[in-house]
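First up is the structure itself, then whatever we jot down about it.
The values are calculated or read from the model by the stated rules, or taken from the named source; none is laboratory data. For clarity, every value in this text was computed on a predicted model and none was experimentally measured. As a convention, Cβ positions derive from the backbone with ideal geometry for all residues, glycine included, and neighbour counts pool all protein chains shown. Note: accessible area is taken over every heavy atom of the protein model, side chains too, but ligands, DNA and RNA are not part of it. Shrake-Rupley method; radii C 1.70, N 1.55, O 1.52, S 1.80 Å.
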Amino acid sequence: MEARINLFGNDVANKFLRYINSAGKVLSDSTLPHATQELVKIRASQINGCGFCTDMHTKDALHAGESTQRLLLVGAWREAKVFTDAERAALELVEQGTRIADAAGGVSDEVWENAAKHYDEDQLAALVSLIALINAYNRVNVIVQLPAGDYQPGMFG
């Protein structure tokens, strides 16, 4: 399998990716817990069918010390006892934020209020921005059919 276009070899795509990578740096430097950030990226990527991002963020999470058990249960987080209440709130927010086209009204007040119980305003801003960012990455990668499986932690810097 090959990508439809070489995102890293195309000047326009490469420039765009550099800009959104800068946005990602702001979020990774935020006070939103790193483990939560990876769980959010993995869940959105699963929902969107982005194999490249699912591979990347699962490997990054493992490299950072996340347990295999928790990573295997991200897709079934509602039934899994291995996530904190705060992580559950973030996972519910990423699901509704990723599936906004599927739900009239977008993110419910109940889901937002639950997230606000666990995260301060800066963390909520980071969480919302992260959901938007990973969805952008997912869409680029799914559209060009970027193959999954070859990512190694740290290969992008």
For the chain, longest principal axis from Cα atoms; helix 11-28 axis from its Cα atoms; angle between them, nearest 10 degrees, is 30
Rounded to the nearest 10, the angle in degrees between the Cα long axis of helix 85-98 and the longest principal axis of the Cα atoms of the chain comes to 50
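So what's the range 69-136 giving for Cα Rg divided by 2.2 N^0.38 Å, two decimals? Walk me through the numbers on the way to the answer.
Values: Rg = 12.0 Å, N = 68, 2.2 N^0.38 = 10.9 Å.
Relative to the 2.2 N^0.38 Å estimate, the range 69-136 comes out at 1.09.
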For the range 9-68 the mean separation of alpha carbon contacts under 8 Å (6+ apart) over residue count, i.e. relative contact order in percent, is 24
Extension length gain for residue 108 and residue 22 (0.36 nm per residue less Cα distance), in nm, is 28.0 nm
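Arrange the residues 47, 5, 143 by how much accessible surface each exposes, largest first, with a 1.4 angstrom probe.
Correct descending sequence by accessible area is 143, 5, 47.
On full extension of the chain, what length is gained from residue 72 through residue 120, given 0.36 nm per residue of separation minus the C-alpha to C-alpha distance?
14.5 nm
Ignoring everything except DSSP H segments at least 4 long, calculate the 222 nm mean residue ellipticity for the chain; use -39,500 (n - 2.57) per segment, divide by total residues, nearest 500.
Numbers: 7 runs with 99 residues, N = 157.
Only helices count here, giving -20500 deg cm²/dmol.
How far, in nm, would the chain grow between residue 4 and residue 64 when pulled straight, counting 0.36 nm per residue and subtracting the alpha carbon separation?
Values: separation 60, 0.36 × 60 = 21.60 nm, distance 3.12 nm.
Here the segment from residue 4 to residue 64 would lengthen by 18.5 nm.
Please sort by residue number the trypsin sites (Lys or Arg not before Pro) in the range 26-86 whose DSSP state is loop and whose Cβ has at most 16 other Cβ atoms within 10 Å. Display every interim value, and only then the final one.
Working: sites: 41, 43, 59, 70, 78, 81; in loops: 81.
The qualifying sites are 81.
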Taking only the Cα positions of the chain, the convex hull volume per residue in Å³ is 121
Computed over the chain: longest principal axis from alpha-carbon atoms vs helix 109-118 long axis, angle to nearest 10 degrees, is 90
Plugging the Cβ-Cβ distance of residue 12 and residue 142 into 1/(1 + (r/R0)^6) at R0 = 30 Å yields, to the nearest 0.05, a FRET efficiency of 0.95
